[in-house]
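S.K.: Take this structure, written in structure tokens, and hold onto it; I'll ask about it next.
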Amino acid sequence: MRLLATGVLSATLILAGCAAPTGVITSSGSQVETRQMQTREYDTLDKRNTLRSVVSTLQDLGFVIDKADYDLATITATKVQNYEIRMTVTVRERDGKRLAVRANARFNSQTIDDPNAYQDFFISLDKAMFLTLHEVD
Amino acid sequence: MRAMPPTVHRTAATLFLVALVSACATLPEDAFRLSESAMELRQIQTRVYADVSDVEILAASSGVLQDLGYAIDELEKELGVLSASKRADATSEAEIVGNIALDVADCILTFLLGCENHSYQGSKDVQDIKITFVVLPESRDNNAYSVRLTMQRFVWAKNGELYNQETISDADVYQAFFDKLSKSVFLEKEGV
């Protein structure tokens, strides 16, 4: 009996250990809050110059560009020092009037969920976006 | 049990704290802020080329990368982005000789315990170098393009561990690349 109990307990523990790590794969935070923190809208429809501003800002911050796609308006980049940050930035049109720039990043093996970090990124991007936003025809 | 002297406690506490802090590395506050040296680094990393098209510059850039044995990982003409990488030897001859000499000395000193070959095993072995070229039209000149290069390297030790990762900021390295790019622009135009 004791042997059976030990067997059942061991099997339970093994199965529990093999359970898919749902929290790690899909995360459990609020999607709305995450999007709000990671997104900033700009009063322009100039996708090309907005993406170029994103690339320049990433280079200014010490990133190397891993992937860039104009049609899907997506840039992925990595920064290394004594740590590693991997970041994806996307640009989407909103209401036919504005562009929404969204950035999500990981620091080493953790998701960056500090709103201040994204705020700092957008402050840096604002400087590069200045010319795009104030273009003279 | 005999009480340990306070200095031992302090040392143990310090070691524990150091271990704790290094285990929970946190995002540096300035990770997404433009540093004071950002503009200086931008100048080191940027050159302007006149009387060429973006396609000519990108072709010349990939030519330089091929000359130097890099493989192109990403190319997006619309955004002027070209990324490439290569794996290269990270160990100089001098370093190998030095480390073997250290090992020999180590063996002589610890011959009763046996040799462990720490220095050679821990020495650098290969490095992965990643480069991005970004070609953008100059706002003041329709026929000119600025080329900005950024480079990183990851150095791996012989035992497979990441030894070092850094952004390359050495002006001479960038200058050497731009010298080759200027030559490549000329060679592409001449059809060589």
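Please treat every number below as a calculation from the coordinates, not as lab data. The shown structure was predicted, so the numbers you read here are calculated from the model rather than taken from an experiment. We place every Cβ from the backbone using ideal geometry, glycine too, and count neighbours over all the protein chains shown.
S.K.: Within the stretch B:45-86, list the residues whose amide N lies under 18 Å from a label point set 7 Å along Cα→Cβ of B:T167.
M.R.: Only B:45-47, B:82-84 pass the distance filter.
S.K.: Something else: Given Cβ point charges of +1 (Lys, Arg) and -1 (Asp, Glu) and nothing else, what value in debye, to the nearest 20, does the dipole of the stretch A:30-133 about its Cα centre take?
M.R.: Using only the charged Cβ atoms, the result is roughly 200 debye.
S.K.: To continue, here is another question. From the gyration tensor of the Cα coordinates in the stretch A:30-133, what semi-axes in whole Å does the equivalent ellipsoid have, largest first, with each one equal to sqrt(5λ)?
M.R.: They are 21, 16, 12 Å, listed largest first.
S.K.: I would also like to ask the following. If you take each beta carbon of peptide A:53-65 and count the beta carbons of other chains within 10 angstrom, what is the mean?
M.R.: Average per residue, whole number: 6.
S.K.: Turning to a different aspect of this structure: Averaged across A:66-78, how many Cβ atoms of other chains sit within 10 Å of each residue's Cβ atom?
M.R.: Per residue, the average neighbour count from other chains is 4.
S.K.: Simple spin-label model, 7 Å along Cα-to-Cβ: A:I123 to A:V32 in nm?
M.R.: 2.8
S.K.: A further question on this structure: Taking 8 Å as the Cα distance limit and 6 or more residues as the minimum spacing, I'd like the relative contact order of the stretch B:130-180 as a percentage.
M.R.: So the answer I get is 26 percent.
S.K.: Also: Tell me the net charge near B:S146. Cut-off is 13 Å between Cβ atoms, B:S146 excluded, with +1 for each Lys or Arg and -1 for each Asp or Glu.
M.R.: Once all neighbours under 13 Å are counted, the net charge is +2.
S.K.: Pairs A:K47/B:K189; A:K79/A:K127; A:K97/A:K127; B:K77/B:K158; B:K158/B:K183; A:K47/A:K67: which are spaced more than 27 Å apart, C-alpha to C-alpha?
M.R.: Table pairs above 27 Å Cα-Cα are A:K47/B:K189; B:K77/B:K158; B:K158/B:K183.
S.K.: Please compute, for peptide A:96-106, the average count of beta-carbon atoms on other protein chains lying within 10 Å of each residue's beta-carbon.
M.R.: Averaged over the peptide's residues, the number is 0.
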